Amino acid sequence: MNRKLRMGMVGGGKDAFIGAIHRIAANMDGLIEVACGALSINPDIARDSGRAIFLPEERTYTTFEEMITKEAALPADRRMDFVTIVTPNFAHFAPAMMAMDHGFHVVIEKPIAFTLDEAKQLKQQQEKTGLILCLTHTYSGYPMVKQAKAMVRDGAFGKIRKVYVEYPQGWLSKLTEREGNAQAAWRTDPKRSGKSGCMGDIGTHAAHLAEYVTGLQISKICADLNVMVDGRALDDDGGVLLRFTNGATGVLMASQVAAGEENDIKIRVYGEKGGLTWTQADPNSLLVRWLDQPAQIYRAGGNYGDRLSPLALHNCRTPGGHPEGYLEAFGNIYRNFALTLSARFDGTQPTAEMLDFPQVDEGIRGMAFIDNVVKSSQSEMKWTDHII
């Protein structure tokens, strides 16, 4: 490619948190530029937001329908190449379907859709069109998470037996949704968020991280969801017992009422020969413990080519000792998506490292996880099949 990829954005205006995160991540490697946007359902906010990021007035749209229709009518050397959707959950499906119907690739903030049925329809559309759909499960973008995946994949720990993954937050310890917090208001509203609150919002991140690192799939679950804050409409806390396809067992904990916690997602994986621990509180480190030798600490860094896997090195941006955090992890997902899309435009084959970003199948598994966790929590049965 001799140019940047052109991105259109749905949602993510000046009154939103995640839109700016996506724009920073997309811009991090100089491979992508924001070409147009329908940045808010409020026309005034949409226009103000477009001006704030210096979009041309004629490419600042007030609806996603207008944006997709008008962009599709532009010459190939001007129109957007893909659409990024950063709206609340209930507004993911329609723009994604329309974008693919008009030939545009798609990036979607997780979860992929509002329901499992919508997610399956998106997969059908993606398969029909052959377009690329990227899902931003951010935590899989960290270099040391990728190192963990590579070590498990290469058999360093033998057969995996135990998986523990947790995601504690404390920001919903009060009835924040009734105190003017817009993020809390939509995330705790079943009409906008879906059938689950905490498990849909952050439990899906934990489940994805468990499957990504281990290469295994969750096959059975036993869940207990709770509403800890009186007056809240959706779960804000929960735990899930897990069984995996190879017979491994595990525990997943997610809570948004762990007062004082921020976003300390953490995973531990144990096999026959040893295990690993990674936590976002120290993202550059991967602690590895062995059954018959001293523990080791692997560190992120582009100058550690003698000890890190190609997968981890591909996603390292700085020499050892410089923090690679949330924005860089987000940027890695965008970079791998952009490199894959650019390779397609060039008629070349992307590498395995480029293709390492969450896609539509991970989105379907996330929606199935939500459905089955809610079903299990409401059931008197001990175990519920994890049905896709």
(message) Students often forget the sequence filter, so: which lysines lie under 23 Å Cα-Cα from Lys174 once same-chain residues fewer than 8 apart are removed?
(response) Lys191, Lys195
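Roughly what % of DSSP beta bridges within the stretch 5-135 run antiparallel, to the nearest 5? Write down the numbers at each step before the final one.
Details: 0 of 18 bridges.
So the antiparallel bridges amount to about 0 percent of the total.
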(request) For the chain, set up a Gaussian network in which alpha carbons nearer than 10 Å are linked by springs, and say which option among Leu133, Leu311, Leu74 fluctuates the most. (result) Leu74
(request) Quick one: dipole size for the stretch 91-157, taken about the Cα centre, charges +1 on Lys/Arg Cβ and -1 on Asp/Glu Cβ, in debye to the nearest 20. (result) 240
(request) Work out the charge dipole of the chain with +1 on the Cβ of Lys and Arg and -1 on the Cβ of Asp and Glu about the Cα centre, then indicate which of Val10, Ala76, Gly158 is farthest towards its positive end. (result) Gly158
(message) Let me spell out the model: positive unit charges on the Cβ of Lys and Arg, negative unit charges on the Cβ of Asp and Glu, origin at the Cα centre of the stretch 5-135. What dipole size does that give, in debye rounded to 20?
(response) 140
(request) For the stretch 5-135, restrict the atom set to alpha-carbon positions and state the Rg and Dmax in Å. (result) 13.5, 38
(message) With 10 angstrom as the radius, rank Glu362, Glu380, Glu58, Glu272 by how many other C-beta atoms surround their C-beta, starting from the fewest.
(response) Glu380, Glu58, Glu272, Glu362
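May I ask for the Rg/Rh ratio of the chain, computed from Cα atoms with Rh as the Kirkwood radius, given to two decimals? Don't skip to the end; give the middle numbers.
Details: Rg = 20.7 Å, Rh = 21.5 Å.
For the chain, the value is 0.96.
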(request) Specify the residue with the greatest mean-square fluctuation among His22, His102, His92, computed from a Gaussian network of the chain linking alpha-carbon atoms under 10 Å apart. (result) His102
(message) Springs between alpha-carbon pairs under 10 angstrom, Gaussian network model over the chain: which of Ala184, Ala99, Ala76 fluctuates most?
(response) Ala76
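Given a Förster radius of 41 Å and the C-beta distance between Ile297 and Phe345 as r, what FRET efficiency does 1/(1 + (r/R0)^6) yield to the nearest 0.05? Let's see the in-between values first.
On the way: r = 41 Å, r/R0 = 0.99.
For R0 = 41 Å, the calculated efficiency reads 0.50.
Report the gain in length on full extension from Thr245 to Arg317: 0.36 nm times residue separation, minus Cα-Cα distance, nm rounded to one decimal.
On the way: separation 72, 0.36 × 72 = 25.92 nm, distance 3.41 nm.
Additional length available on full extension: 22.5 nm.
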(message) How much of the DSSP bridge set in the chain is antiparallel, in percent, rounded to the nearest 5?
(response) 60
(message) If each DSSP helix of 4+ residues adds -39,500 (n - 2.57) and the sum is divided by the residues in the chain, what number results at 222 nm, nearest 500 deg cm²/dmol?
(response) -10000 deg cm²/dmol
(request) Take the alpha-carbon centre of the stretch 19-98, take the same for the stretch 114-149, and report the distance between them in whole Å. (result) 20
(request) Report the one residue of Ala223, Thr277, Met28 whose Cα lies farthest in the direction of the positive end of the charge dipole of the chain (charges on C-beta: Lys and Arg +1, Asp and Glu -1; origin at the Cα centre). (result) Thr277
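Note the per residue figure in Å³ for the convex hull of the C-alpha positions in the stretch 110-172.
Details: hull volume 10.8 nm³, N = 63.
Per-residue hull volume (Cα only) is 172 Å³.
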(message) If you wrap a convex hull around the alpha carbons of the stretch 79-146, what volume per residue comes out, as a whole number of Å³?
(response) 98
(message) Let me spell out the model: positive unit charges on the Cβ of Lys and Arg, negative unit charges on the Cβ of Asp and Glu, origin at the Cα centre of the chain. What dipole size does that give, in debye rounded to 20?
(response) 700
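Computed from the coordinates by the stated procedures, all read-outs in this text should not be read as laboratory data. Just so it is clear, the model here is predicted, and its values are computed rather than measured. Cβ: placed from backbone, ideal geometry, glycine included. Neighbour counts: every protein chain shown.
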